[in-house]
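K.L.:
Before I ask anything, let me first share the structure, which is written out below as structure tokens.
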Ligand code: ACM
């Protein structure tokens, strides 16, 4: 068995130290193998422009925030997946990091930028990969990647048992859609969403909370409220994510007919 969870909270824009301290405080006594945090939980989400983002973004190799999370993991003997604004040689990505007691183990850069993110983030350029921790295969995606079933499929094809999904959701479809992503790929997904309203000079956004852990049959194992801090941890059985049979004669992965899916990998919509 493997214990996964999320910490849902409402980060304050630009208050990196305060947001970090909320996370450190909330997770000080966690008993889990892996905890997922929201997308951009330290900087906040609704940037005015690229300059503002640049001032708040960090390189994963020189990040006081990620160092503090790694120390937290070492103290509590667990792993974290967290969103963060990543600075990398003049580019800035909306990324997520797998962090453990020894530091940052892997960084994924969000492939599908949502709405105004396109004004100030660079689109992700990292491949979709799985990482193994404690015998369990972990894949990462970030928020709006949920709308592209290819992402979870590629992770499933690489053997992901659990998809970790830091989010700042504003549309209402994702939580239910993730149940389909889990059913069609036969795996677990942990969506950690923030809640609260971010009010900035250019506008405001309300985030939907309702972080959740979903199982391979689409079962919602736990779902948070839409308006409060919540730390939740559940036990999952990774073996259930390795059985891809859906009837006696059907297997979610080996029944695929990729020769009929070529349009999926064409770069234009015309086939
Ligand atoms: C989103 O991708 N933050 C909606």
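K.L.:
Taking the chain as a Gaussian network, where each spring joins two C-alpha atoms under 10 Å apart, which residue of 159, 90, 186 fluctuates the most?
P.N.:
In this elastic network of the chain, the residue with the biggest mean-square fluctuation among 159, 90, 186 is 90.
K.L.:
Once both labels are modelled 7 Å past Cα along the beta-carbon direction, what's the residue 235-residue 24 spacing in nm?
P.N.:
Distance between label points: 3.3 nm.
K.L.:
While we're looking at this one, here's another question. Give me 253, 27, 37, 56 ranked fewest to most by other Cβ atoms within 10 Å of their Cβ, as a rough exposure proxy.
P.N.:
Starting with the residue having the fewest Cβ neighbours, the order is 253, 56, 27, 37.
K.L.:
Now a separate question. Using 0.36 nm times the number of residues separating residue 147 and residue 263, minus their current alpha carbon distance, what extension gain do you get?
P.N.:
40.0 nm is the gain from fully extending residue 147 to residue 263.
K.L.:
Now, a different point. Note down the Stokes-Einstein diffusion coefficient of region 54-208 in µm²/s, whole number, using a Kirkwood radius over alpha carbon pairs, 4 °C, and 1.567 mPa s.
P.N.:
Using the Kirkwood radius from Cα pairs, D works out to 80 µm²/s.
K.L.:
Also, I was wondering about something else. Just the number, please: percent antiparallel of the DSSP beta bridges in the chain, rounded to the nearest 5.
P.N.:
Taking every DSSP beta bridge with both residues in the chain, the antiparallel ones total about 70 percent.
K.L.:
If you restrict to DSSP beta bridges whose two residues both lie in region 1-155, what percentage is antiparallel, to the nearest 5?
P.N.:
In region 1-155, DSSP labels about 75 percent of beta bridges as antiparallel.
K.L.:
Distances over 16 Å make up what percent of all Cα-Cα pairs in region 172-245?
P.N.:
53
K.L.:
Still on this structure, please answer the following. Given a Förster radius of 22 Å and the C-beta distance between residue 59 and residue 116 as r, what FRET efficiency does 1/(1 + (r/R0)^6) yield to the nearest 0.05?
P.N.:
That gives a FRET efficiency of 0.40.
K.L.:
Obtain the nm distance between the two label points defined at residue 74 and residue 3 by a simple spin-label model: each point lies 7 Å from its Cα along the Cα-to-C-beta direction.
P.N.:
Placing both labels 7 Å along Cα→Cβ, they lie 2.2 nm apart.
K.L.:
I need to check one value: relative contact order of the chain, counting alpha carbon pairs closer than 8 Å and at least 6 residues apart, in percent.
P.N.:
Worked out over the chain, it gives 20 percent.
K.L.:
Here's another thing I want to ask about it. Suppose the chain between residue 172 and residue 184 were pulled fully straight at 0.36 nm per residue; how much longer would it get relative to their current alpha carbon spacing?
P.N.:
The residue 172-residue 184 span can extend by a further 2.3 nm.
K.L.:
Report, in deg cm²/dmol and to the nearest 500, the calculated mean residue ellipticity at 222 nm for the chain, where each DSSP H run with n ≥ 4 adds -39500 (n - 2.57) and the sum is divided by the residue count.
P.N.:
-6000 deg cm²/dmol
K.L.:
Based on a Kirkwood Rh over C-alpha pairs, give the Stokes-Einstein translational diffusion coefficient of region 59-125 at 20 °C and viscosity 1.002 mPa s in µm²/s.
P.N.:
174
K.L.:
Going by how many other Cβ atoms sit within 10 Å of their own, how do 140, 1 line up, fewest first?
P.N.:
Fewest-to-most ranking of 140, 1: 1, 140.
K.L.:
List 144, 173 from most exposed to least, where exposure is judged by having the fewest other Cβ atoms within 10 Å.
P.N.:
173, 144
K.L.:
Sticking to Cα atoms, compute the Rg of the chain to one decimal and its Dmax as the biggest Cα-Cα distance, whole number, in Å.
P.N.:
Just the Cα atoms of the chain yield Rg and Dmax of 17.8, 57 Å.
K.L.:
Same structure again: Just to verify a number: FRET efficiency for residue 199 and residue 132, C-beta to C-beta distance, R0 = 35 Å, to 0.05?
P.N.:
0.25
K.L.:
Determine the gain in length on full extension of the stretch residue 206-residue 67; use 0.36 nm per residue of separation and subtract their C-alpha separation, reporting nm with one decimal.
P.N.:
Separation in residues times 0.36 nm, less the Cα-Cα distance, equals 47.1 nm.
The numbers here are math on the coordinates, done by the rules we state, and not lab data. Just so it is clear, the model here is predicted, and its values are computed rather than measured. Don't worry about glycine lacking a Cβ; one is built from the backbone with ideal geometry, like all the others, and counts go over all protein chains shown.
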